[in-house]
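Below is one structure, written out as C-alpha cells; comments come after it.
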Amino acid sequence: MIRKAVIGGTGVYNLSQNSRSETVKTEYGIVEVDIVNIDGEDIVFLARHGKNHSFPPHLVNYRANMKALEQLGVKFIYATVAVGSCNELYNPGDIVVIKDFIDFTKSRPLTFYEGGEEGVRHTDMSSPYCYNLTNIFYKIAEENNMQIKGKAVYVCTEGPRFETEHEIKMFMQLGGDVVGMTNVPEVVLAKELGMCYLAVGIITNWCTGVKKGAIEFHDIENSITKNKELITRSFLKSLKEDLHQNNCSCSKAIIEL
Ligand code: HPA
C-alpha cells in the first residue's frame, strides 16, 4: 500500500526522474501514475491533466484519478493548482494555500455516489482542505524560507476559457481570492474517499480585468517554473512528517443518512 501522493497541476509533470510508471485500472477508466521512491518510501505522483497535458480541465477524469489513488492505498494528498489572482494581496509568482472553494463548474461528474449500487450520500464541506496537512505545510515552508502569501478562497470555473471581466468582479464580491479550473471536483472526491487533501496555489496571472493587459502564456509559465521545485520539495518534506487522521474530519466527511 502506498499511503501518500502528490498531484501535479499545470506545469508540474514529475516529482523526480527516478521513478517507475504504473497503470491503474479503475471502474472509471485507466490512470497512469509514477511511483517515486523517496528515502525508501514509495510515493505516488499523478499528473492531473495526464502526462502530456492531454486533458483540458473540464475533461479530466477526476473520478478515475482519485479512485486510482484510493486503490493504491493513498490517504494523504498534496496537490498543486495554477490560479489567477483577483485579490490585490496575491501577486503573480506568489504561493497560497487553498482554504475553501466556491464551485462554478457546470458539466462534470461531481461525485462517486450516483444512486444505484453506490447509494445516495452527502458530503460535509465544512473543511474540504485538511487542517493537519495545512499546518504541516506551513511549518515546512517556514523551515525552508518559502513564503506563503496567505490562505485563499478558490473559485472553480468550468473552463477551458478564461473568465470575463464581470465574472471576475462577481467572484471578488463573493469573497473569491484566486480562480482556477480544476480543484472541483478533485477535492470533493478526496473527501468522499475519506482522504486528507491540501491544494497549494501557484499564482500565474492577474485574473481578467484586475490589471491592464491580457493574460500571457509566458507569464504563466514563468511563475510555475519559479515555484514548482520549491513546492514539490516542500510536499515531499511534509509527507515525511507524522501523518494521521486522529484529529481532522477528513475520514468522516460522508454524512450517513
Ligand atoms: N482563470 C482560471 N484559471 C486559471 C487562471 C485564470 O485566470 N490562471 C491559471 N488558471
Notebook entry, point to check: Restricting attention to region 193-225, which residues are free of Cβ contacts under 8 Å to residues at least 12 places away in the same chain and either aliphatic (A, V, I, L, M) or outside any helix (DSSP H, G or I) (or both)?
Noted result: 211, 212, 213, 214, 216
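Here is a yes/no grid of residues against (1) over 12 Å from residue 77 (Cα atoms); (2) out of contact with any Leu (no Cβ under 8 Å at 6 or more places or on another chain); (3) surrounded by fewer than 19 Cβ atoms within 10 Å (Cβ to Cβ); (4) at pLDDT below 95:
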| site | (1), (2), (3), (4) |
| --- | --- |
| 141 | yes, yes, no, no |
| 149 | yes, no, yes, no |
| 195 | no, no, no, no |
| 207 | yes, yes, no, no |
Check: From the list 144, 205, which one is in contact with a helix residue (DSSP H, G or I) (Cβ under 9 Å, 6 or more places away or on another chain), within 16 Å of the ligand (Cβ to nearest atom) and more than 16 Å from residue 129 (Cα to Cα)?
Finding: 205
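The values are calculated or read from the model by the stated rules, or taken from the named source; none is laboratory data. On a predicted model such as this, the values are computed, not experimentally measured, just so you know. Backbone-built Cβ (ideal geometry, glycine too); neighbour counts: all protein chains shown.
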